[in-house]
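The values are calculated or read from the model by the stated rules, or taken from the named source; none is laboratory data. What you are looking at is a predicted structure, and each value in this text was computed from that prediction instead of being measured. Cβ coordinates were reconstructed from backbone atoms using ideal geometry, including for glycine residues, and neighbour counts include every protein chain displayed. SASA here: full protein model, heavy atoms, side chains in, ligands and nucleic acids out. Shrake-Rupley method; radii C 1.70, N 1.55, O 1.52, S 1.80 Å.
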Amino acid sequence: MSNRQPNAFHRAFPAREFFRGSARSVLFWSLFNGLLLILLLVDLFLIIDLLDHRGRITLHGEQNVQLLQELRTAPVPQILPEGNEAEDSDPQAEKGQADAKPPVPEEEPESKAPPSVEKPRLQMVSLSDSGILPSIWWTHSKYQLGLLPRLYQSVPLLQENQSALFTLICFALVIASIRVLIRWRSRQKSLKISHQVSMTLRNMIHRQALRLGPGDLSGKETEQAFQLFIRDVGAVQQGVFQWVYSLSRHPVTLLILLLFTVSIDWRLTLQCMIPLAAAWYFLLQHRKNYEQQQAKTLVAIESELSLLAENLRSTRLVRGFGMETAEHDQFQKHLKKYTDNISTLKRVEGWGHRVARGLAVFCSCMVLFLVGYKVLVSPDSLPLSAAVLMTGVFAFFYLPVNGLYQLIQTRDEANIAASSIYRYLNQIPTVGQAVGAKFLEPLSQALQFENVSFQLNSNSPPLLKGFDLKIPAGTSTALVSLEKLAPRAVSYLVPRFIEPQSGRVLMDGEDTAWVTLESLRAEAIYVSGNDPCLTGTVKENIQCGDERYSLQEVIAASKEAHAHQFIQNLSQGYETALGQHGEELTVGESFRLGLARALLRKPALLIIEEPEGVLDEDTKTLLEDAYSRIFQNRTVLVIPSRITTLRRVNQVVLIHEGKVEAVDSQSNLLKKSALYRHWEYTRFNQFRHTQETSNER
């Protein structure tokens, strides 16, 4: 069954949000940017056409000449009869300067004199420094647009070549700069939207971690929540950013480019779409096939590499039984397969790239041929400048199309991450407060576990199975087991961090499942030597955000836990910042700070999980003195990591296979229980650190 939820990404960022708030403004700015792209393309066309024609234009007919005279603010420099076309080729006639005088026609010989009735002649005008007039004339004759002629007439800078070129380039720079600013604005808006989505998801993960986290015996769920909080939310954030930014930009750009080419020549555009689509298809298929082939080949390469590495582990057998020759042949065989797989991957990559790019180049050449053929056959309908611009636009098609393709991949990755997040968020906590729960009074008689069973999941063996134990109030008890998580499971059951699958936990005869969580956790406080410091000052760490406790009470609790001295030695005492960006405490200091945090609340039942790290001798001495006060007139459960703690408690409970194996003092268990002796030896023998170091090596 797939772990992917099809609608997970749209659950994080619904489609309706695309047309609301900041996303709607991103869409608006993208549309406006598209309009600027149209202006930029028109400007580029005018620049290319100006460089192509150099402002030269020749018009025939009295009507065209009259229209030209209306467009030009300067007088038309040269008007010739149509019969004098030979004189039109004269260099002086081609200058087109404003001070040029109309030529006086030469007298013809009497033998060639025309009839007495002179026929009306058509007129012709030729200009060589008319700015963008040739482009205006072509667009006006093709589209009958009045905007460009009026623009030409009202802006004198466009009526001469040099000033027109300078003006068009400056206009292009201005449009391009505005487009860059708009894209930056859209990017910032998209980042804001993705940040809001990520903050929403992180808040949800944080709330869910608070609901599920206390029952995480092994720490796997906490690590999962950490990865979801950092990695998966980051993937969703990137997906939302790309979805808003790219989806509002690429389709608009693609549509505008397509409309621009269609407006120039729709038949040629449709003809060029076929080879362009074929080129994209070839590149896309090559990419997919290469990724699939690469995945298969990499698996084979990894397999052969593992076999080669395995030979390094069998050197003793090889040398001991004289298998050097056979082993060498076997090694060379796997090495050849490994080399062949590497060569296959390179060959697939090389031939695939060459074939796909060759086909794409062929399709591109077809586009060039179609455009060039149109220019040669019908130069009036498609001037060279328009053909060059169309070819550039066709090449530019790749960017938005490839952007949309990558957007689909990014969304799929974000969808997978969102699926993992919502699977975590959909988990239902096993611990909840019952309706009509009662307030729990402080423990005064006994803590009892009645036929309790618990297991982490259906695939793991039970940590507790028919667990029965009664602990008198006011006593200290150590919980030990070969299964590391079993004592922790017993301890977690008391403040209801976890819920038993069967059985009950009773405090003074009251089932803890039917009391309020607030009153229960106020009287049964868990202190772990492996807990990190909270981000904040020392005082805030001890108060835990509860301002009811004064500084004097905080200091008194710190003194009781022997934490006051080292706190005073910190740079700012109780106002010293702790956490990721603050002071770092040693294992012993963090543990004593946790004890002070618990003692401030004066619980009737204190559960202590001692730190696994090595403590210095001063810390051990201070803890012994602190324990002598903490254990008085209080029920204490301990998960010990020091032999002195086992000797201090009233009783030690040995748990084996989910049940109570033995309950007695540490000295008596050493005499009576072989299982306990084995446990104590594995935990506290003087060579255990040497053995652990050897195992790590």
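Using the Karplus curve 6.51 cos²θ - 1.76 cosθ + 1.60 with θ = phi - 60°, work out ³J(HN,Hα) for each residue of region 645-655 in order, rounded to whole Hz, and write x for Gly and Pro.
Listing the rounded values in order: 5, 4, 6, 7, 5, 6, 8, 10, 9, 9, 9 Hz.
For the pair ASP468/ASN203, report the inter-label distance in nm, with labels modelled 7 Å from Cα in the Cβ direction.
5.1 nm
Return the carbon/sulfur percentage of the accessible area of region 426-528, one whole number, probe 1.4 Å, all protein chains in place.
51 percent
Would you pull out the residues with amide H under 5 Å of VAL515's amide H, same chain only if 5 or more places away, H placed 1.01 Å from N?
Placed amide hydrogens put LYS438 under 5 Å from VAL515.
Once the Cβ-Cβ distance between TRP514 and GLU413 is put in as r, and R0 is 35 Å, what FRET efficiency do you end up with, to the nearest 0.05?
That pair, TRP514 with GLU413, gives E of 0.15.
Per 10 Å bin, what is the whole-percent P(r) computed from every C-alpha pair distance within region 461-596?
Once binned at 10 Å, the Cα pair distances of region 461-596 give 10, 34, 28, 22, 6, 0.
Relative contact order for region 575-657: what is it in percent, counting Cα pairs under 8 Å that are at least 6 residues apart?
Here the relative contact order equals 31 percent.
Just need the relative contact order of region 371-507 here, percent rounded to a whole number, with Cα pairs under 8 Å and 6+ apart.
Relative contact order of region 371-507: 22 percent.
Long-range amide H contacts for LYS659: which residues qualify at under 5 Å (H placed 1.01 Å from N, peptide plane, sequence gap of 5 or more or a different chain)?
LYS465
Using 0.36 nm per residue, how much length does the chain from LEU31 to GLU612 gain when fully extended, once their Cα-Cα distance is taken away?
203.0 nm
What distance in nm separates the simple spin-label points at ARG267 and LYS333, each placed 7 Å from Cα in the Cβ direction?
In this crude label model, ARG267 to LYS333 measures out at 6.9 nm.
Let me check I've understood the local charge: for GLY219, count other residues with C-beta under 15 angstrom from its C-beta, Lys and Arg +1, Asp and Glu -1. What total comes out?
So the surrounding residues net to -3.
Name the residue farthest towards the positive end of the dipole of region 418-508 from the options ALA418, PRO442, TYR492, assuming +1 on Cβ of Lys and Arg, -1 on Cβ of Asp and Glu, about the Cα centre.
ALA418
Using the Karplus curve 6.51 cos²θ - 1.76 cosθ + 1.60 with θ = phi - 60°, what ³J(HN,Hα) values do you get for each residue of region 479-484, in whole Hz, with x for Gly and Pro?
Along region 479-484, the couplings run 10, 9, 6, 5, 7, 4 Hz.
Can you give the extra length, in nm with one decimal, that the chain gains between CYS365 and THR475 once fully stretched, where that is 0.36 nm per residue apart less the Cα-Cα distance?
30.5 nm
Tell me the net charge near ARG642. Cut-off is 10 Å between Cβ atoms, ARG642 excluded, with +1 for each Lys or Arg and -1 for each Asp or Glu.
+2
Could you state the number of Å between the C-alpha centres of region 195-242 and region 561-591?
29 Å
Name the long-range amide H neighbours of LEU637: under 5 Å, sequence gap of 5 or more, or other chain; modelled H, no Pro or chain starts.
THR477, LEU606, ILE607, ILE608
Please turn the phi angles of region 333-338 into ³J(HN,Hα) values with the Karplus equation 6.51 cos²θ - 1.76 cosθ + 1.60 (θ = phi - 60°), one per residue in order, whole Hz, x for glycine and proline.
5, 5, 5, 5, 4, 4
Residues with beta-carbon under 14 Å from that of THR200, excluding THR200: net charge, scoring Lys, Arg +1 and Asp, Glu -1?
Result for the local shell: +2.
Write down the accessible area per residue of region 149-235 in Å², having rolled a 1.4 Å probe over the full set of protein chains.
Normalised by residue count, the accessible surface of region 149-235 is 60 Å².
Just the number please: accessible area per residue for region 435-526, 1.4 Å probe, all protein chains included, in Å².
45 Å²
So how far, in whole Å, is the C-alpha centre of region 533-555 from the one of region 466-526?
If you average the Cα positions of each part, the centres end up 27 Å apart.
For SER491, SER420, give the ranking by accessible area with the largest first, probe 1.4 Å.
The ranking, largest first, comes out as SER420, SER491.
Just to make sure I understand: if all protein chains stay in place, what is the order of SER343, SER186 by accessible area at 1.4 Å, largest first?
Highest to lowest solvent-accessible surface, that is SER343, SER186.
Describe numerically, in nm with one decimal, the distance between label points set 7 Å from Cα along Cα→Cβ at GLU441 and at ARG629.
A separation of 2.9 nm, rounded to one decimal place.
How large is the accessible surface per residue of region 355-422, computed with a 1.4 Å probe and reported in Å² as a whole number?
Value for region 355-422: 49 Å² per residue.
Ranked from the most accessible area to the least, with a 1.4 Å probe and all protein chains present, what is the order of VAL299, VAL252?
Solvent-accessible surface, decreasing: VAL299, VAL252.
Roughly to the nearest percent, how much of the accessible area of region 562-645 is carbon and sulfur, given a 1.4 Å probe?
It is 46 percent, rounded to a whole number.
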